[in-house]
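Here's the structure we're looking at; comments come further down.
The values are calculated or read from the model by the stated rules, or taken from the named source; none is laboratory data. The structure displayed is predicted, hence computed values, not measured ones. All Cβ positions, even for glycine, are placed from backbone atoms using ideal geometry, and neighbour counts span all protein chains on display. To get the accessible areas, we keep the full protein, side chains included, count just its heavy atoms, and leave off ligands, DNA and RNA. Shrake-Rupley method; radii C 1.70, N 1.55, O 1.52, S 1.80 Å.
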Amino acid sequence: QVQLVESGGGLVQAGGSLRLSCAASGLTFSSYAEGWFRQAPGKEREFVATVMRNGRSTYYADSVKGRFTISRDIAKNTVYLQMNSLKPEDTAVYYCAAASLRVGVPDTPYEYDYWGQGTQVTVSS
């Protein structure tokens, strides 16, 4: 069975940092792009970042570009989201996801096949 498990969420003060991890199992890691999404109460799930199958090409939402970094460790079958200079508006449940082979950049939830359970990130002002 495919399983994605997020960890690393928590409470942090504005300006602080947090590193999220997503451990994947049951799928060929290199056959998927991996991404992060977030969802605040009453809002739509929004794209945060993705890393393509080649492990080199990364894409970010404008709201997090320059502050967040996505990366992956093939040996550990794990994708990370390093979050720096956190703001209160970053508060949300963060989800990792995996997208099958495609020609475009997967920046919408509909393009992802598997999802983790989510981890809460709360940034206090």
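For LYS43, the lysines whose Cα comes closer than 27 Å to its Cα, not counting residues fewer than 8 places off in the same chain, are LYS65, LYS87.
Could you work out what % of the accessible surface of the chain is carbon and sulfur, using a 1.4 angstrom probe and leaving DNA, RNA and ligands out of the count?
Details: 3040 of 6510 Å².
On the chain, the fraction of accessible area on carbon and sulfur atoms equals 47 percent.
Restricting the GluC sites (Glu not before Pro) of the range 1-85 to loop positions (DSSP other than H, G, I, E, B) with no more than 14 neighbouring Cβ atoms within 10 Å leaves GLU44. Centre-to-centre, using Cα atoms only, the range 71-86 and the range 36-65 are separated by 13 Å. Solvent-accessible surface of the chain, taken per residue with a 1.4 Å probe and all protein chains present: 52 Å². With both residues required to sit in the chain, DSSP beta bridges show an antiparallel share near 90%. For the chain, relative contact order (Cα pairs under 8 Å, six or more residues apart, normalised by length) works out to 36 percent.
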